[in-house]
Amino acid sequence: MTALAPYLSSFLREHLPKERRASQHTCEAYAQSFQLLLCFAGSRLKIRPAKIEIERLDAPLILTFLEHLEKKRGNSARTRNARLAAINAFFRFLEYRLPSCLDQSRRIHAIPMKKIDQALVGYLTRNELQALLDAPDPRTLSGIRDRAMLHLAFAAGLRVSELVGLRLDQIDRQTMSSVHIIGKGRRERILPLWKETAAAVKVWLKVRPASAASELFLNARAQAMSRSGFEYILEKHVATAARKAPTIAGKGVSPHVLRHTCAMHTLQATRDVRKVSLWLGHASLQSTEVYLRADPTEKLEALAAMAPPMLKPGRFRAPDKLLAMLRTSGRKPNYAE
């Protein structure tokens, strides 16, 4: 039996950040996956997580864990696949460092990924979006901050990690004309700011409390805003916006919905999916095609361009009974029928 703890520690602290140069978000996601797995394995094997051996994490246990994620925790197939991807990455790491677990690793790699539903993206209409942007109280410090965050999240189509990780040096503070984004996969992009967005961010910079944190947006303790913190703020303002636009209450607005809203409004304004892809920082156009399926205007234009088949007008005439009798009377009976 081989102890799991030293290898897992080396994988998360050495291999991912240093050898693979994985981002902090990737390391945190992998660590969360193994936290869930080891807590589940510990309760099932009646052993402390620190005492678990690698050989105990066999394919049947991993399958039971994945089933637990979906049925007990209510995770989607997408989340289940993400947890499995983290486990596969760890066992690929073990293959060259612990050859005795090679067969075990191959059995785990044989666990298939589940197919996921390609649902339509959710987004806000212009009235719903305006109600949300107007929800924060501009007379309070938190309201000024929240208004700037919502404007920037929508106008730049930011992921929540990009928004809360945005630093002061990534904003052009002299002209307030652009923002430098470091996105997923370390893809960088520079986006121009609308006047309304620039004004909202400028007001926040004037009242931003002094802090050692380099991030643009701070929480109530003058520390960097967290993902969960922004999710809480968004949920609070969605409830306020629902008084003005009741339809927003049933849409399940998340930080990523603001990104989808930016994409849909950009697509409707430009009719160019390539510009949407550049604006959002997608690696390929395939990631952006999901917005084409959600935009009804594209289907209406295709429908208008297609001419319906023309049917020649005519008049129905009943067949002559005498001619019908003559056609059938000369035929030999077909006994096979």
Pairs of Cα atoms under 8 Å, at least six residues apart: use those to get the relative contact order of the chain, whole percent. 15 percent
Carbon + sulfur, % of accessible area of region 41-91 - ligands and nucleic acids excluded, 1.4 Å: 48 percent
Other residues with Cβ under 14 Å from the Cβ of GLY42 give, with Lys and Arg +1 and Asp and Glu -1, a net charge of +4
Nearest-0.05 FRET efficiency for GLU19 and LEU285 at R0 = 41 Å, using Cβ-Cβ distance, is 0.85
Build a GNM of the chain with springs between Cα atoms under 10 Å: which of GLN223, GLN268, GLN174 gets the top mean-square fluctuation? GLN174
Taking protein heavy atoms only, a 1.4 Å probe, and rounding to whole percent, the accessible area of region 134-268 owed to carbon and sulfur comes out at 53 percent
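Let's test the formula: R0 of 22 Å, r as the Cβ-Cβ distance of LEU141 and HIS180. What FRET efficiency results, to the nearest 0.05? Walk me through the intermediate numbers first.
Numbers: r = 26 Å, r/R0 = 1.17.
Approximately 0.30, to the nearest 0.05.
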Pairwise centroid distance, computed over Cα atoms, of region 193-241 with region 8-48, Å: 31 Å
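For SER161 and GLU95, FRET efficiency with R0 = 25 Å and r from the beta-carbon atoms, rounded to 0.05?
Values: r = 30 Å, r/R0 = 1.22.
Given R0 = 25 Å and the Cβ-Cβ separation, E is 0.25.
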Give the cross-link partners of LYS236 among the aspartates and glutamates, using a straight C-alpha distance below 17 Å as the criterion and excluding same-chain residues fewer than 8 apart. GLU128, ASP134, ASP137, ASP146
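Check each of the trypsin sites (Lys or Arg not before Pro) in region 107-156 and keep only those in coil by DSSP with at most 16 other C-beta atoms within 10 angstrom; list them in order. Please report the intermediate quantities before stating the final value.
Numbers: sites: ARG107, LYS114, LYS115, ARG126, ARG139, ARG145, ARG147; in loops: LYS114, LYS115, ARG139.
Loop-located and lightly packed - LYS114, LYS115, ARG139.
Taking 32 Å as the cut-off for C-alpha to C-alpha distance, list the pairs among LYS184/LYS251; LYS18/LYS251; LYS202/LYS251 that go past it. Could the numbers behind the result be given before it?
Values: LYS184/LYS251 26 Å; LYS18/LYS251 41 Å; LYS202/LYS251 30 Å.
The pairs that break the limit, which is 32 Å between Cα atoms, are LYS18/LYS251.
Accessible area per residue for the chain in Å², computed with a 1.4 Å probe and the full protein assembly in place, what is it?
Details: 20900 Å² over 337 residues.
I get 62 Å² per residue for the chain.
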Folded to 0 to 90 degrees: helix 255-270 orientation relative to the chain principal axis, Cα: 50 degrees
The chain: calculated mean residue ellipticity at 222 nm from DSSP helix runs of at least 4, using -39500 (n - 2.57): -15500 deg cm²/dmol
Rounded, prolate or oblate for region 129-283? Axes are the square roots of the Cα gyration tensor eigenvalues, ordered a ≥ b ≥ c, and the cut-off for rounded is a/c under 1.5. oblate
Counting only backbone N atoms under 15 Å from a point 7 Å out along Cα-to-Cβ of VAL207, the residues of region 112-138 in range are 134-138
Where only alpha carbons of the chain are counted, the Rg and the Dmax (Å): 29.3, 105
Net +/- balance of residues flanking ILE182 in space, Cβ distance below 10 Å, scoring K and R +1, D and E -1: +3
Label-point separation, LYS321 to LYS72 (7 Å along Cα→Cβ), nm: 7.9 nm
Find the relative contact order for region 1-137 and round it to a whole percent, using C-alpha pairs within less than 8 Å whose residues are 6+ positions apart. 25 percent
Overall dimensions of region 1-81 as given by Cα atoms, namely Rg and Dmax in Å: 13.4, 36
Total formal charge among the other residues, if their Cβ is under 15 angstrom from that of ARG126, Lys/Arg +1 and Asp/Glu -1: -2
Relative to the longest principal Cα axis of the chain, at what angle does helix 59-71 sit, 0 to 90 degrees, rounded to 10? 80 degrees
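Can you give me the orientation-averaged projected area of the convex hull built on the Cα atoms of region 82-204, in nm²?
11.6 nm²
The values are calculated or read from the model by the stated rules, or taken from the named source; none is laboratory data. Not measured: the values here are computed from a predicted model. Neighbour counts are summed over all protein chains in view; Cβ atoms, including those assigned to glycine, are modelled from backbone coordinates with ideal geometry. In case anyone asks, the SASA skips ligands and DNA or RNA and just uses the protein heavy atoms, side chains included. Shrake-Rupley method; radii C 1.70, N 1.55, O 1.52, S 1.80 Å.
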